[in-house]
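The values are calculated or read from the model by the stated rules, or taken from the named source; none is laboratory data. For clarity, every value in this text was computed on a predicted model and none was experimentally measured. Here the Cβ is made from the backbone with ideal geometry for all residues, glycine too, and neighbour counts use every protein chain on show.
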Amino acid sequence: MTEQTLTDPKSNVTYLRLSVGEFDMGDEVDDDSRPVHRVKVASFLMSRTEVTREQYAKFMAATKHPEPPHFNAPRFNLPTQPVIAVTYDDALAFCKWVGGRLPTEAEWECAARGGDGRKYPWGHDEPDKSRAHFHQDIGFGATAVVGSFKDGASPFGLHDMAGNVFEWCADWYGADAYAKSSREHPTGPANGEQRVIRGGAWISMPDALRCAARGKYPPSSRSVLVGFRVARTLTITD
């Protein structure tokens, strides 16, 4: 698949153009990811990697947005590690600053697995330390520099869609969201108490790295396990 990239000069966020049309969302592994349902998603842009500390620092300098906790903690302070401990609103503010938004849950899953129903971003083989940054018992005690696991890239060339940090999605979480989901451009429930997070993190077990695995957090939480990436709606100039 040929990559089509676009880089924002203000933030240095690089986007890839994603186009699938329709894909099967969900799986039959657990109740939370059922039922599998066919979903139509319009073409869109997604940042190749999770937003980094370096990129987030540019945002804070330009907007005077407050610094999140742990920003300078030794385990998490490399410029190209993902920014962590950001709330849903923090992530949304960055996205708006760069002219983007958070991906919907459907867009996120589409970006992770493409249109061929793969279990993980790289395919059906189980996770290992060459493909993803996950459970610390195999030697990972903090986040990794983004893009370090190129063998684990999604079919579009997106990095760290499995492991490293969970990523905020735009949707409110609903346990029955799939049963009620629109089949075209779904955006999740109209309201709720928790927002969807996706992708697993650096302490996650392999099951959380499945493309269809769903997570949820209160939008005000500031977890060292959670970061985000940016989506953008395509425009004529893109």
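Of all residues in region 21-32, at least one satisfies being out of contact with any helix residue (DSSP H, G or I) (no Cβ under 8 Å at 6 or more places or on another chain), surrounded by fewer than 17 Cβ atoms within 10 Å (Cβ to Cβ) and more than 23 Å from residue 208 (Cα to Cα). On the stretch given as region 35-73, residues that are over 26 Å from residue 133 (Cα atoms), of a type in the set (D, E, K, R) and surrounded by 13 or more Cβ atoms within 10 Å (Cβ to Cβ) total 1.
Summed over region 107-140, residues that are closer than 18 Å to residue 33 by Cβ and among the charged types (D, E, K, R) total 7. Reported count of residues in region 106-132, each being closer than 23 Å to residue 19 by Cα, free of Cβ contacts under 8 Å to residues at least 60 places away in the same chain and part of a loop (DSSP other than H, G, I, E, B), is 3. Kindly establish whether residue 203 is outside any loop (DSSP other than H, G, I, E, B) and of a type outside the set (Phe, Trp, Tyr). Here the answer is no, as residue 203 does not meet what is asked.
Listed here are the strands (runs of 3 or more DSSP E) enclosed by region 1-105 that have at least 3 residues being in contact (Cβ under 8 Å) with a residue 40 or more places away in the chain: 14-18, 21-25, 37-41, 44-47. Note on region 142-152: among residues that are touching a residue at least 40 places away in the same chain (Cβ under 8 Å) and touching a Phe, Trp or Tyr at 6+ places or on another chain (Cβ under 8 Å), the one that is surrounded by the fewest Cβ atoms within 10 Å (Cβ to Cβ) is 142. For region 153-164, the set of residues classified as out of contact with any Phe, Trp or Tyr (no Cβ under 6 Å at 6 or more places or on another chain) and either free of Cβ contacts under 8 Å to residues at least 60 places away in the same chain or closer than 14 Å to residue 213 by Cβ (or both) consists of 153, 154, 161, listed by residue number. Is it true that some residue in region 180-198 is touching a residue at least 60 places away in the same chain (Cβ under 8 Å), in contact with a helix residue (DSSP H, G or I) (Cβ under 7 Å, 6 or more places away or on another chain), under 25 Å from residue 31 (Cβ atoms) and in a loop (DSSP other than H, G, I, E, B)? Looking through region 180-198, at least one residue is touching a residue at least 60 places away in the same chain (Cβ under 8 Å), in contact with a helix residue (DSSP H, G or I) (Cβ under 7 Å, 6 or more places away or on another chain), under 25 Å from residue 31 (Cβ atoms) and in a loop (DSSP other than H, G, I, E, B).
Restricting to region 153-175, and then to whatever is in a strand (DSSP E or B) and small (Gly, Ala, Ser), can you tell me which residue is surrounded by the fewest Cβ atoms within 10 Å (Cβ to Cβ)? Per the criteria, the residue is 170.
It is to be established whether one or more residues within region 178-188 are surrounded by fewer than 24 Cβ atoms within 10 Å (Cβ to Cβ) and at pLDDT 95 or above. No; the residues of region 178-188 include none that is surrounded by fewer than 24 Cβ atoms within 10 Å (Cβ to Cβ) and at pLDDT 95 or above. Take the conditions over 19 Å from residue 32 (Cβ atoms), in contact (Cβ under 8 Å) with a residue 12 or more places away in the chain, within 12 Å of the chain's Cα centre (by Cα) and buried (at least 22 other Cβ atoms within 10 Å of the Cβ) and apply them to residue 226. Does it pass? Here the answer is no, as residue 226 does not meet what is asked.
Listed by first and then second residue, the pairs linking a residue in region 200-219 that is over 17 Å from residue 175 (Cβ atoms) and at pLDDT 95 or above to a residue that is of a type in the set (A, V, I, L, M) and not in a loop (DSSP other than H, G, I, E, B), with Cβ atoms under 8 Å apart and 6 or more places separating them unless they lie on different chains, are 200/208; 200/209; 201/208; 201/226; 211/112.
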